[in-house]
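**Q** Below is the structure I would like to discuss, written out as structure tokens.
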Amino acid sequence: MPIEIIIATVLFTLALILYSIAIWNERLTRVLKPWHLQVFFFGVLADALGVWITYKAVGAIVFTPHAILGFSALALMTINFLWVLIIFIRNKQGQQRFHQFGLSVWSIWIISYLSGFATGIQKIL
């Protein structure tokens, strides 16, 4: 397996950890805290870097179901992060709808992560 794909996989896993911590902590406490904003940002950044490294390693965008789901999830994660940023800028306005949206985005992202994991395992075996 090329080193670029290994690095991208580590970044995707880091994104999984960071994004999950932020989503589930916020979901359980029902309170957005400033550190959530930072963790969301680094989760989105790790995912975006993983996508960019994968693109560079492959040399093109290949529109597989996994890739389409992954690009959609990254776009939704970015929207989710921007929403958190707006909530803090506006001093917590619109927080109630955020709870459900964040969990929905996380669910889509998890499906994307697992489909990439399954695809990768199939290539190794």
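The values are calculated or read from the model by the stated rules, or taken from the named source; none is laboratory data. Bear in mind the structure is a predicted one, so any value in this text is a computation, not a measurement. For neighbour counting, all protein chains shown are included, and Cβ atoms are generated from backbone atoms with ideal geometry for every residue, glycine included. The accessibility values were calculated without ligands, DNA or RNA, using every heavy atom of the protein model including side chains. Shrake-Rupley method; radii C 1.70, N 1.55, O 1.52, S 1.80 Å.
**Q** Between beta-carbons, use under 14 Å as the cut-off and find the net charge around W24, counting Lys and Arg +1, Asp and Glu -1.
**A** Every neighbour counted, the sum reads +2.
**Q** How high is the FRET efficiency from I108 to V10, r the C-beta distance, R0 22 Å, rounded to 0.05?
**A** E between I108 and V10, to the nearest 0.05, is 0.55.
**Q** Using only the alpha carbons, work out the radius of gyration and Dmax of the chain in angstrom.
**A** So, for the chain, Rg and Dmax equal 15.1, 51 Å respectively.
**Q** Please name whichever of V58, S104, L69 sits farthest to the positive end of the charge dipole of the chain, dipole taken about the Cα centre and charges placed at Cβ: Lys and Arg +1, Asp and Glu -1.
**A** Sorting the options by dipole projection puts first S104.
**Q** Something else: So, with +1 on the Cβ of K and R and -1 on the Cβ of D and E, and no other charges, what is the size of the charge dipole of region 13-116 about its Cα centre, to the nearest 20 debye?
**A** Roughly 320 debye, rounded to the nearest 20.
**Q** Calculate how steeply helix 65-89 sits against the longest principal axis of the alpha-carbon atoms of the chain, using the helix alpha-carbon long axis, and give the answer as 0 to 90 degrees to the nearest 10.
**A** Here the helix axis deviates by roughly 20 degrees.
**Q** Which angle from 0 to 90°, rounded to the nearest 10, does the C-alpha axis of helix 3-29 make with the longest principal axis of the chain?
**A** Roughly 20 degrees between the two axes.
**Q** May I ask which residue of A22, G116, F88 lies farthest towards the positive end of the charge dipole of the chain, with charges of +1 (Lys, Arg) and -1 (Asp, Glu) on Cβ and the Cα centre as origin?
**A** Of the candidates, F88 comes out farthest on the positive side.
**Q** Find the relative contact order for region 4-125 and round it to a whole percent, using C-alpha pairs within less than 8 Å whose residues are 6+ positions apart.
**A** With pairs under 8 Å counted, the relative contact order is 32 percent.
**Q** Accessible surface of L45 in the full protein assembly, 1.4 angstrom probe, to the nearest 10 Å²?
**A** 70
**Q** In square angstrom, what is the accessible area per residue of the chain with a 1.4 angstrom probe?
**A** 60
**Q** When the accessible area of the chain is computed with all protein chains present and a 1.4 Å probe, what percentage of it is carbon and sulfur?
**A** 73
**Q** Quick one: angle between helix 95-124 and the longest Cα principal axis of the chain, in degrees between 0 and 90, rounded to 10, please.
**A** So the helix axis and the longest Cα principal axis differ by about 10 degrees.
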